[in-house]
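Participant: First the structure, which I've put down as structure tokens, then a few questions once you've had a look.
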Amino acid sequence: MVRVNPLHPDTDTEVHAVLAQGADLLMLPMFAEAWELQAFCAIVAGRVPVVALLETSGAFESLPEWVGTPGLQEVYVGLNDLHLSLRQRFMFEPLALGLLDGVARLARAQGLRFGFGGIARLDGGLLPGRDVLAEHLRLGSQAVILSRTFHDATTADGFEREVATLREAERALGQRSAAQTEADRHRIATAIGQIAAAMPVPDRHAA
């Protein structure tokens, strides 16, 4: 998958060049309005599937207008830029507030893949990777970006070992009952709220 530049006057040329190098998927970042994604998909013209990187407040608000765009295969939520665009304190706040539930629901209704954010090692990160993984499973996510903590430069098999550990946790979390899943959702949302409350209030006048 290749993440290209946001839509610009030479997007057609850029797409042609990327496809000539063998890209299997194209990701469009930083769009804010439905017409931008629609224009991009028209340029790609079905040559490869498109992944919409939802990372602006405009893209979030206009989701119902573009989620059915022909050529779209996946909606991926970029939490870091999205939470900044929404003037929130912590990147996982959209998750705690239930915003991703609606995105996942609309994506599923269109038969699209859905994914979000990044994940640290199981016990790493302000919000432990295990909790992030639990929410991926609850929401039916099919994609996640692994953080740099997964790369252990001291051993040749560090990455493979950490991914295997993640897969083991995925299997265990997949065995939860509906009640356990809901209890985890509430606990994780509370933890996110506590982390966010300790962070500085975003500058409302920042660009």
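Here, each number is a calculation from the coordinates, and none is a lab measurement. Quick caveat, the model's predicted, so the values are computed rather than measured. All Cβ positions, even for glycine, are placed from backbone atoms using ideal geometry, and neighbour counts span all protein chains on display.
Participant: Roughly speaking, what is the stretch gain from Leu126 to Ala197, that is 0.36 nm per residue apart minus the C-alpha to C-alpha distance, in nm to one decimal?
Facilitator: Full extension of this stretch gives 24.3 nm more.
Participant: Does region 153-198 come out rounded, prolate or oblate by the C-alpha gyration tensor, with a ≥ b ≥ c the root eigenvalues, rounded set by a/c under 1.5 and, if not, prolate when a/b is larger than b/c and oblate if not?
Facilitator: It comes out oblate by the Cα gyration axes.
Participant: Just one of (1) 7; (2) 22; (3) 40 is percent of Cα pairs over 32 Å apart calculated from these coordinates, so which is it?
Facilitator: Computed from the coordinates, percent of Cα pairs over 32 Å apart corresponds to (2).
Participant: Net charge within 11 Å of Ala120 by Cβ-Cβ distance, Lys/Arg positive one each and Asp/Glu negative one each, not counting Ala120 itself?
Facilitator: 0
Participant: Read phi for every residue in region 186-196 and hand back ³J(HN,Hα) as whole Hz from Karplus 6.51 cos²θ - 1.76 cosθ + 1.60, θ = phi - 60°, with x for Gly and Pro.
Facilitator: Rounded to whole hertz, the list is 5, 4, 5, 4, 5, 4, 4, x, 5, 5, 5.
Participant: Explain nothing, just the number: dipole magnitude of region 38-145 about its Cα centre with +1 on each Lys and Arg Cβ and -1 on each Asp and Glu Cβ, in debye rounded to the nearest 20.
Facilitator: Rounded to the nearest 20 debye, it is 200 debye.
Participant: Just check region 1-116 against the gyration tensor rule for me: Cα atoms, a ≥ b ≥ c as the square roots of the eigenvalues, rounded for a/c under 1.5, and otherwise prolate or oblate depending on whether a/b exceeds b/c.
Facilitator: Prolate is the answer for region 1-116, as a/c is 1.5 or above and a/b outweighs b/c.
Participant: Apply 1/(1 + (r/R0)^6) to the Cβ-Cβ distance of Ala17 and Gln142, taking R0 = 22 Å, and write down the FRET efficiency to the nearest 0.05.
Facilitator: About 0.20, to the nearest 0.05.
Participant: With charges set only on the Cβ (+1 for Lys and Arg, -1 for Asp and Glu), what does the dipole of the chain come to about its Cα centre, in debye to the nearest 20?
Facilitator: Its charge dipole is roughly 540 debye.
Participant: Quick one: what are the phi-derived ³J(HN,Hα) couplings along region 79-95, Karplus 6.51/-1.76/1.60 with θ = phi - 60°, whole Hz, x for glycine and proline?
Facilitator: 5, 5, 6, 5, 5, 5, 5, 8, 6, 9, 8, 10, 4, 8, 4, x, 5
Participant: While we're looking at this one, here's another question. Antiparallel DSSP bridges in region 50-162: what percent, to the nearest 5?
Facilitator: 0
Participant: I need the calculated FRET efficiency for the pair Asp10 and Asp101, taking r as the beta carbon distance and R₀ as 35 Å, to the nearest 0.05.
Facilitator: 0.40
Participant: Moving on to the next point. Step through the residues of region 123-138 one at a time and calculate ³J(HN,Hα) from phi using the Karplus curve (6.51 cos²θ - 1.76 cosθ + 1.60, θ = phi - 60°), rounding each to whole Hz and writing x for Gly and Pro.
Facilitator: 10, x, x, 4, 9, x, x, 4, 5, 4, 4, 4, 6, 4, 5, 4
Participant: Would you give the gap between the C-alpha center of region 108-136 and the C-alpha center of region 58-85, rounded to a whole Å?
Facilitator: 17
Participant: Which ordering of Asp101, Asp184 is given by a fewest-first count of other beta-carbon atoms within 10 Å?
Facilitator: Starting with the residue having the fewest Cβ neighbours, the order is Asp101, Asp184.
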